[in-house]
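S.K.: Submitted below is the structure of interest, expressed as C-alpha cells.
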Amino acid sequence: MLRQLAEPRSCPQVAAALGLTTSRVHYHVKVLEKAGLVERVAERRVRAVVEGVYQAAARSYWLSAGLVGRLGGARASREVASHEYLFGLAEELQADLGSLAEAEATFGITAEVDLPTDRRAEFLAEAQAALTALAERYGAAPGGARAAYRLRAACYPGPRPEGVTR
C-alpha cells in the first residue's frame, strides 16, 4: 500500500491496483495514517460521498527486522555470510547511530573492490582476519580511561554493471 501511495491516490484506486476491497484498503490506510506513515492530502466528492486522497509521508521506509521477524530463523541470523545477518547488522548500526549524542572518534569507510572470482574467498577471509585481529589487539588493552566502541563491517556484491555477469 505504501508503494501505491507514493503518489496521491484514493482508497478505491489503491484497492483496484492491489485487487482488494475498498473497505479493506480504507481500514489499513487509516492504520497507516494513525502511525504517521500516510497523510490525507486532499479530498474529493464522488457522487454523494467525500473520498479522501492519501499519500505516503516519506519517499522510502526502513522496516526494522523486529517488526517483520527474522527471515530464515535464528540459525541464519548467526551465520556471518547470510543476508539476514547483514540486515540485522544494518539495523543495529541504524539504532546505534540514532542514539549517539556526540560523534567522538567515529569514522565511516566505503570501498569497492573488483574481485576476480577465484580470489573472493581469499579476500573475505583476509578482511575478516584483519578486522578481528585489530579488534582483539585494541579490545584487550589494559589500564587507563576506557570507552567502548563498536566496529561494524559488511562485504557484499555491488550492483551488477550492464552486460557483466558474475
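Taken together, the values in this text are just the output of simple stated rules run on the coordinates, not laboratory data. Only a predicted model underlies this, so the values are computations on that prediction, with no experimental measurement involved. Counting neighbours? That spans all protein chains shown, and the Cβs are built from the backbone with ideal geometry, glycine included.
S.K.: Under the Kirkwood approximation for Rh and a Cα-based Rg, what ratio Rg/Rh is obtained for the stretch 4-56?
M.R.: Values: Rg = 10.2 Å, Rh = 10.9 Å.
Ratio of gyration radius to Kirkwood radius for the stretch 4-56: 0.94.
S.K.: Ok, one more. With Cβ to Cβ distances under 12 Å as the rule, what net charge do the other residues near Leu5 carry (K, R +1; D, E -1)?
M.R.: Net local charge, Leu5 excluded: +1.
S.K.: Next question, about the same structure. Can you tell me the FRET efficiency between Thr117 and Glu92 if r is taken as the Cβ-Cβ distance and R0 is 35 Å, rounded to the nearest 0.05?
M.R.: Efficiency for this residue pair is about 0.70.
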